[in-house]
Amino acid sequence: MLPNFEGIDLDGLAYEADKIDFPEPVHGRTVHIDADFLAYQVSYEKEDTADVKTFEDMKHNAEIAVETLQALAGATAVHLHLTPATSNKGNRGQLAVIKEYQANRKDKPKPRYLHIMRKWLSERFPGTLHELCEADDGMSSAQYLAIKEGRSNLSIIASKDKDLRMVPGLHLDWDTGTIREYDAFGAISIIEKQTSNGIVKKLTGYGHKWFWAQMLTGDTADNISGLPKISGRVLNVLQPTKAILKVKEELAQPGISDKKRKDLEQVLASRTSKSVGPAMAFDLIGKLNTEKSCYHAVKELYKLYGEETGYQHWSDGSSVPWGKAFLSEAQLLWMRENPHNDNCVLDYWRQIA
């Protein structure tokens, strides 16, 4: 655990580390810090407590946190990325089709000093207030640029946001303080955790495969839908019930009547679709090992849902073509290489399709 500095609680930064080891600094390395989260972390005050932090406390906490992140990252420079209240967030609100983007954050109380802290951080440290994209896009584009220019060792992302794990390169794990390097394609896996309600399965991953996993599961933090449901036809292949297996056996028998065949096929077609959970997402793409195969598999699933059920726009219920829904979810989830290009994900698709 990080210690308390003059009573300032720094829990949450490398909180899972048994001890903290600071690597040797790499000359010219910049750590790109998620200052949206940092601002929230240092300005957050617990309710119903007499231990109220002053703004001076918060600034001191932020100073220590930035210094610690820089040291943990082995960096000689910092760059803080923030999303001001005036930002258009990369037009994601206008791009959203299935669900309203970040609607779950409406009317949610924020720390009283949050906006002031963001302003102070932007003035105190080198950084960028991203008016035409989100801070996530600023961090991802900086990392992609470093990789493109052959200096991947000189850029590292420090964020607790799981979305950024889709970006290749160096990452500082906010919870453990360790440095990880992600390859471009990446991997996904299922983690089982014991809770009071039993074992809970959680999907985790990194690289572009993590992006494709999120295209299936969505992102509850930003109110992004992902694929609404899995087609019953797909479930018959992935998770056939005993009844479905019996129907398939009967269909394989020679000499069945046309009426019998039609009735059996109707049983297969009538299976109820199912929401996409962590285990289902892993079953769908876990064994795929190329960018192209992930692209075509997920696209086909969106198409099947569109043909069987259809997509409706969240704002007015109007019908939306499956291709538009597929692109919309990708635009919302993709961490951009070009921060101000709404269609940045299309450039990625052209490379892999």
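Looking at (1) out of contact with any strand residue (DSSP E or B) (no Cβ under 8 Å at 6 or more places or on another chain); (2) within 30 Å of residue 179 (Cα to Cα), which one does residue 80 not meet, given that it meets all the others?
(1)
Can you find a residue that is touching a helix residue (DSSP H, G or I) at 6+ places or on another chain (Cβ under 6 Å), in contact (Cβ under 8 Å) with a residue 24 or more places away in the chain, open to solvent by 40 Å² or more (accessible area, probe 1.4 Å) and closer than 27 Å to residue 218 by Cα anywhere in region 104-126?
Checking region 104-126: not a single residue is touching a helix residue (DSSP H, G or I) at 6+ places or on another chain (Cβ under 6 Å), in contact (Cβ under 8 Å) with a residue 24 or more places away in the chain, open to solvent by 40 Å² or more (accessible area, probe 1.4 Å) and closer than 27 Å to residue 218 by Cα.
Taking region 319-353 as the region of interest, how many residues are farther than 15 Å from residue 302 by Cα, among the small types (Gly, Ala, Ser) and at pLDDT 95 or above?
0
Between a residue in region 54-65 that is at positive phi and any residue that is of a type in the set (Ser, Thr, Tyr) and open to solvent by 40 Å² or more (accessible area, probe 1.4 Å), which pairs come within a Cβ distance under 7 Å, given they are 6 or more apart or on different chains?
Filtered contacts from region 54-65: no entries.
For residues in region 127-138 being more than 18 Å from the chain's Cα centre (by Cα) and not hydrophobic (A, V, I, L, M, F, W, C), which is least open to solvent (accessible area, probe 1.4 Å)?
Per the stated criteria, the residue is 130.
Being of a type outside the set (Lys, Arg), within 16 Å of residue 91 (Cα to Cα), open to solvent by 40 Å² or more (accessible area, probe 1.4 Å) and touching a Phe, Trp or Tyr at 6+ places or on another chain (Cβ under 8 Å) is the requirement here; does residue 307 meet it?
No, not satisfied.
Within region 164-181, how many residues are open to solvent by less than 10 Å² (accessible area, probe 1.4 Å) and over 19 Å from residue 70 (Cβ atoms)?
Qualifying residue count for the region: 2.
If only one of 213, 142, 184 is open to solvent by less than 40 Å² (accessible area, probe 1.4 Å), small (Gly, Ala, Ser) and under 19 Å from residue 32 (Cβ atoms), which one is it?
142
List, please: which pairs have Cβ atoms under 8 Å, are six or more places apart or on different chains, and start with a residue in region 335-350 that is among the aliphatic types (A, V, I, L, M) and end with one that is open to solvent by 30 Å² or more (accessible area, probe 1.4 Å)?
Hits for this filter: 345/327; 346/327.
Considering region 45-94 alone, what residues qualify as being part of a helix (DSSP H, G or I), within 21 Å of residue 140 (Cβ to Cβ) and open to solvent by 20 Å² or more (accessible area, probe 1.4 Å)?
Scanning region 45-94 gives 70, 89, 91, 93, 94.
For region 113-145, name all the residues that are basic (Lys, Arg) and within 18 Å of residue 76 (Cα to Cα).
Across region 113-145, the qualifying residue is only 124.
Determine whether residue 159 is surrounded by 19 or more Cβ atoms within 10 Å (Cβ to Cβ), under 22 Å from residue 78 (Cβ atoms) and either touching a strand residue (DSSP E or B) at 6+ places or on another chain (Cβ under 7 Å) or without any contact (Cβ under 8 Å) to a residue 40 or more places away in the chain (or both).
When the stated conditions are applied, residue 159 passes them.
Listed residues 254, 228; which is open to solvent by 60 Å² or more (accessible area, probe 1.4 Å) and in a loop (DSSP other than H, G, I, E, B)?
Of 254, 228, the one residue that is open to solvent by 60 Å² or more (accessible area, probe 1.4 Å) and in a loop (DSSP other than H, G, I, E, B) is 254.
Pull up region 266-295, narrow it to residues that are charged (D, E, K, R) and outside any helix (DSSP H, G or I), then point me to the one that is nearest to the chain's Cα centre (by Cα).
Per the stated criteria, the residue is 287.
Pairs, please: C-beta under 7 Å, at least 6 apart or cross-chain, first residue part of a loop (DSSP other than H, G, I, E, B) and in region 172-190, second at pLDDT 95 or above and among the basic types (Lys, Arg)?
185/209; 186/209
Can you pull out the residues in region 28-49 that are in contact (Cβ under 8 Å) with a residue 60 or more places away in the chain, more than 18 Å from residue 75 (Cα to Cα) and polar (S, T, N, Q)?
43
When region 324-338 is examined, which residues are found to be open to solvent by 30 Å² or more (accessible area, probe 1.4 Å) and not hydrophobic (A, V, I, L, M, F, W, C)?
Matches in region 324-338: 324, 337, 338.
The values are calculated or read from the model by the stated rules, or taken from the named source; none is laboratory data. Values in this document were obtained by computation on a predicted structure and should not be read as measured data. Cβ atoms come from the backbone with ideal geometry, glycine included; neighbour counts cover every protein chain shown. When the accessible area is computed, the model is the full protein with side chains, heavy atoms only, and any ligands, DNA or RNA have been set aside. Shrake-Rupley method; radii C 1.70, N 1.55, O 1.52, S 1.80 Å.
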